[in-house]
1. I want to check the label-to-label distance for THR195 and GLU148. Put each point 7 Å from Cα in the C-beta direction and report it in nm to one decimal.
2. What number, rounded to the nearest 500 deg cm²/dmol, is the helix-based mean residue ellipticity at 222 nm of the chain, given -39500 (n - 2.57) per DSSP H run of at least four residues and division by all its residues?
3. For ILE204 and ASP162, calculate 0.36 nm times their separation in residues minus their Cα-Cα distance, and state this gained length in nm to one decimal.
4. Would you mind computing, in nm to one decimal, how far apart the modelled labels at SER10 and LYS235 are, each placed 7 Å from Cα along Cα→Cβ?
5. Taking the Cβ of ASN172 as the center, what net charge do the other residues with Cβ under 15 Å away carry, scoring Lys and Arg +1 and Asp and Glu -1?
6. Mind giving me the nanometre distance, one decimal, between the label points for SER218 and ILE90, set 7 Å out from Cα along Cα→Cβ?
7. Lys and Arg at +1, Asp and Glu at -1: add these up for the other residues within a Cβ distance under 12 Å of TYR39 and post the number.
8. Can you give the charge dipole size of the chain about its Cα centre, rounded to the nearest 20 debye, using +1 on the beta carbon of Lys and Arg and -1 on the beta carbon of Asp and Glu?
Amino acid sequence: MYRGTSSPISPYLLQSIHMALEKYLLEIGKLIESNVLEYWLLYLLKNSKSASISSVVSSIVLAYPDKTFNIAQILFKTKEFILQDTNRLISDQGAETLYSIGKDWGANTNIIYDEERISTCKDEHRSSTLENLFLKYQFFRNEEVSEEEADKRQKELWSILDTYYNELPIDNNDSTKTWRIYLARMDRRKMNPTTEKTTGGMLINFNPELESDLKEYSEKSIAKTTESMKYTSLKLWADFKFRKDDKAKN
């Protein structure tokens, strides 16, 4: 809702309130201590009756993961947050194009708002997800996090995963298979990471171990997605052509 990529479109007032809240927290997040930032995020989670506020909290956690592990841990314990944040990422990938299409190209009165919205798409944390962060906590730490603390966090994350494993339903339907793939991609204990040098640096391949039924399900899902996106390049060309964008010449 607050990113403007949802359907149906929410009232502009609610969009503005959510965007202002997120922007404020992003600005103060880099300045205040971890305990203060976590206090306010916990306050929002406890006192809000709207799931949309949780999405703002999730955004701040992704932006400042080293300062917000305790809040991230709360989000990780709700399966739906992890799943929906992946949907948010997919929507966010088209946000810049969406904002550009809606931009008032014929007038300058709204340019400050248009540019502000478009600039938010370049925020680094928009390209991450709760799933990615769950795995990141298990492999990496900055200098401010001791090895002892990192080990403690890792065990707490594994406890969350073990709880999810124990709660897996007997019915192995598509929804269950999808969630099992998520769990495999988040569990360091079930990975055989390898590294390789590239021109841009060191590339890490985590190589999650998938059971045979999950491999088959994943391959079929990828093939289906590839087929559905066959004409994406043509659609983008048509959008650029309609807007008389120079990119249509490529």
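1. Label at THR195, label at GLU148, 2.7 nm between them.
2. Working: 12 runs with 156 residues, N = 250.
Helix-only estimate at 222 nm: -20000 deg cm²/dmol.
3. On the way: separation 42, 0.36 × 42 = 15.12 nm, distance 2.49 nm.
Here the answer is 12.6 nm.
4. 2.4 nm
5. Values: positive: LYS177, ARG180, LYS215, LYS220; negative: GLU167, ASP171, ASP174, GLU211, ASP213, GLU216.
In short, -2.
6. In this crude label model, SER218 to ILE90 measures out at 1.7 nm.
7. Working: positive: LYS46, LYS67; negative: GLU33, GLU38.
Net local charge, TYR39 excluded: 0.
8. Working: 35 positive and 38 negative charges, 143 e Å.
The calculated dipole for the chain is roughly 680 debye.
Bear in mind that the values in this text are calculations on the coordinates, not laboratory data. Here the structure is a predicted model, which is why all the values come from computation and not from measurement. With ideal geometry, Cβ positions are generated from the backbone for all residues, glycine too; neighbour counts draw on all protein chains shown.
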